[in-house]
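The values are calculated or read from the model by the stated rules, or taken from the named source; none is laboratory data. Everything numeric here is computed off the predicted structure, so don't read it as measured data. Backbone-built Cβ (ideal geometry, glycine too); neighbour counts: all protein chains shown.
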């Protein structure tokens, strides 16, 4: 659906513009689950099945905290002397590791 891409683009553009002037408000917008809300609505419109939406919500509930290590090296980059790209890469590796371990060692989803 084309409208999802437009919403995502508007959110990214809005957050980056707002964060230039007001970093705390930019962070607030990043914490809002706008993408999740749009995804839930899109899945509901496509499937009309609450079981599918509920499974998506449960998986998201587990994976969101596992992705939080992404922010650690970025948040402390000035203290540990990392530039933007190296802190971003370190954060992606940390998030990839925690999520990867969950997929490898965690419970397998029901089919």
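Observations on the model:
- Which numbered condition residue 52 misses (of (1) without any contact (Cβ under 8 Å) to a residue 12 or more places away in the chain; (2) surrounded by 12 or more Cβ atoms within 10 Å (Cβ to Cβ); (3) under 13 Å from the mean Cα position of the chain (by Cα)): (3)
- Helices (runs of 4 or more DSSP H) fully within region 14-111 counting 1 or more residues that are at pLDDT 90 or above: 34-47, 50-67, 71-75, 77-80, 84-105
- Any hit, region 14-22, residues being out of contact with any strand residue (DSSP E or B) (no Cβ under 6 Å at 6 or more places or on another chain), surrounded by 11 or more Cβ atoms within 10 Å (Cβ to Cβ) and under 23 Å from residue 99 (Cβ atoms): yes
- Candidate set: region 70-111, residues that are over 18 Å from the mean Cα position of the chain (by Cα) and closer than 18 Å to residue 60 by Cα; chosen: the one surrounded by the fewest Cβ atoms within 10 Å (Cβ to Cβ): 111
- Looking across region 30-39, the residues that are under 13 Å from residue 7 (Cβ atoms) and touching a helix residue (DSSP H, G or I) at 6+ places or on another chain (Cβ under 8 Å) come down to 34, 35, 36, 38, 39.
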